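The values are calculated or read from the model by the stated rules, or taken from the named source; none is laboratory data. These numbers come from a predicted model, not from an experiment. Positions of Cβ are backbone-derived with ideal geometry, glycine not excepted, and every protein chain shown enters the neighbour counts. Remember, those area values only see protein heavy atoms, side chains included, never the ligands or the DNA or RNA. Shrake-Rupley method; radii C 1.70, N 1.55, O 1.52, S 1.80 Å.
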Amino acid sequence: MTERKLKIDILTLFPEVFAPLQTSILGRATNSGKLEINLINIRDFSKDKHKKCDDEPFGGGAGMLMTVQPLYDAIMSVKTEGCKIIFPSPIGATLNAKRAAELSKNEHLIFVCGHYEGVDERLFELFDIEQISIGDYVLTGGELPTMVIIDCVARFVDGVISADSLTNESFSNGLLEYPQYTRPQEFMGLKVPDVLVSGNHQQIEKWREVQSLERTKKLRSDLLD
Ligand code: ADE
């Protein structure tokens, strides 16, 4: 069986922001070849003599827009057949676990990070690009949302985390995860629920199901609709 690998190219004006992707679980996944993450500086593709990548919007308005030429050339330099191009943006559909799991099945993802007030709209006319939001608020750029989306997608790539972790976590079955405890069995007078140290696995399963449901009712009743 061939090991599946997810290749991710990140196009950004600020490659230094992505250092956290080299640590912990994603760092290990990269070192073991399950992920390949490449940083591409959009500025390197600017044909402007000062390497400028932004300009004022036609028609006026606040702030600067990213110009289309450096973005076009940066995408063309990494684009492959069957690749998926993602542009994090508050106007996209909001990311959820289901969409992240679907994205993890791709072989090659390209993230284009917008910055400033946005990008020239012709980018979306030139390429098939999926816009993805990470919530109903506006951030200063696409770098942090790109890291959020990559972290979330990478967890669904085979072998990045244990299959068990994925099946017993919040949203995997439409509910929030049950509460968990570890040593010591008693801390500041607070004891771990008896059932969890009973050794009765059927009872433990049942308790966890009830807790999951109760927690979802209390914190996210919208998930039960
Ligand atoms: N860029 C700016 N705000 C964003 C958001 N909420 N989600 C994704 N990308 C963004």
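Observations
- Considering LEU176, LEU139, LEU144, LEU196, the condition of being open to solvent by 30 Å² or more (accessible area, probe 1.4 Å) and not assigned by TED's automatic domain parsing to the domain that holds PHE58 is satisfied by LEU196 alone.
- Region 82-96, residues that are more than 10 Å from the ligand (Cβ to nearest atom) and in a loop (DSSP other than H, G, I, E, B): GLY82, CYS83, ASN96
- In region 1-46, the residues that are among the small types (Gly, Ala, Ser) and in contact with a helix residue (DSSP H, G or I) (Cβ under 9 Å, 6 or more places away or on another chain): GLY27, ALA29, SER46
- Residues that are hydrophobic (A, V, I, L, M, F, W, C), within 12 Å of PHE87 (Cβ to Cβ) and more than 8 Å from the ligand (Cβ to nearest atom) within region 128-148 comprise just one, ILE129.
- Tabulated pairs, region 105-122, first in contact (Cβ under 8 Å) with a residue 40 or more places away in the chain and in the same structural domain as LEU65 (by TED's automatic domain parsing), second open to solvent by 40 Å² or more (accessible area, probe 1.4 Å) and hydrophobic (A, V, I, L, M, F, W, C), C-beta under 7 angstrom, 6+ apart or interchain: TYR116/MET64; TYR116/LEU65; GLU117/ALA62; GLU117/MET64; GLU117/LEU65; GLY118/LEU65; VAL119/LEU65; ASP120/LEU65
- One residue alone among ASP9, ASP44 is under 29 Å from ARG122 (Cβ atoms) and assigned to a helix (DSSP H, G or I), and that residue is ASP44.
- Any hit, region 106-117, residues being assigned to a helix (DSSP H, G or I) and more than 16 Å from the ligand (Cβ to nearest atom): no
- Total residues in region 118-129 satisfying the condition of being open to solvent by less than 40 Å² (accessible area, probe 1.4 Å) and either assigned to a strand (DSSP E or B) or modelled with pLDDT of 95 or more (or both): the figure is 5.
- Looking at PRO57, PRO70, PRO88, just one residue is in contact (Cβ under 8 Å) with a residue 12 or more places away in the chain and within 21 Å of ASP151 (Cβ to Cβ), and that residue is PRO88.
- Residue under evaluation LEU65, criteria (1) modelled with pLDDT of 95 or more; (2) out of contact with any Gly (no Cβ under 6 Å at 6 or more places or on another chain); (3) open to solvent by less than 80 Å² (accessible area, probe 1.4 Å), criterion not met: (2)
- Filtering region 105-123 to residues that are within 19 Å of GLU81 (Cβ to Cβ) and in contact with a strand residue (DSSP E or B) (Cβ under 8 Å, 6 or more places away or on another chain) leaves ASN106, GLU107, HIS108, LEU109, ILE110, PHE111, VAL112.
- Residue-level analysis places ILE75 outside the set of residues that are of a type outside the set (S, T, N, Q) and part of a strand (DSSP E or B).
- Verdict on LEU103 being modelled with pLDDT of 95 or more, open to solvent by less than 20 Å² (accessible area, probe 1.4 Å), within 16 Å of the ligand (Cβ to nearest atom) and within 29 Å of LEU175 (Cα to Cα): yes
- Taking region 9-23 as the range and being open to solvent by 50 Å² or more (accessible area, probe 1.4 Å) and more than 15 Å from CYS53 (Cα to Cα) as the test, the residues that pass are GLU16, VAL17, ALA19, PRO20, GLN22, THR23.
- Pairs where the first residue, in region 32-43, is within 16 Å of ILE150 (Cα to Cα) and the second is open to solvent by 50 Å² or more (accessible area, probe 1.4 Å) and assigned to a strand (DSSP E or B), C-beta under 7 Å, 6+ apart: GLU36/LYS7
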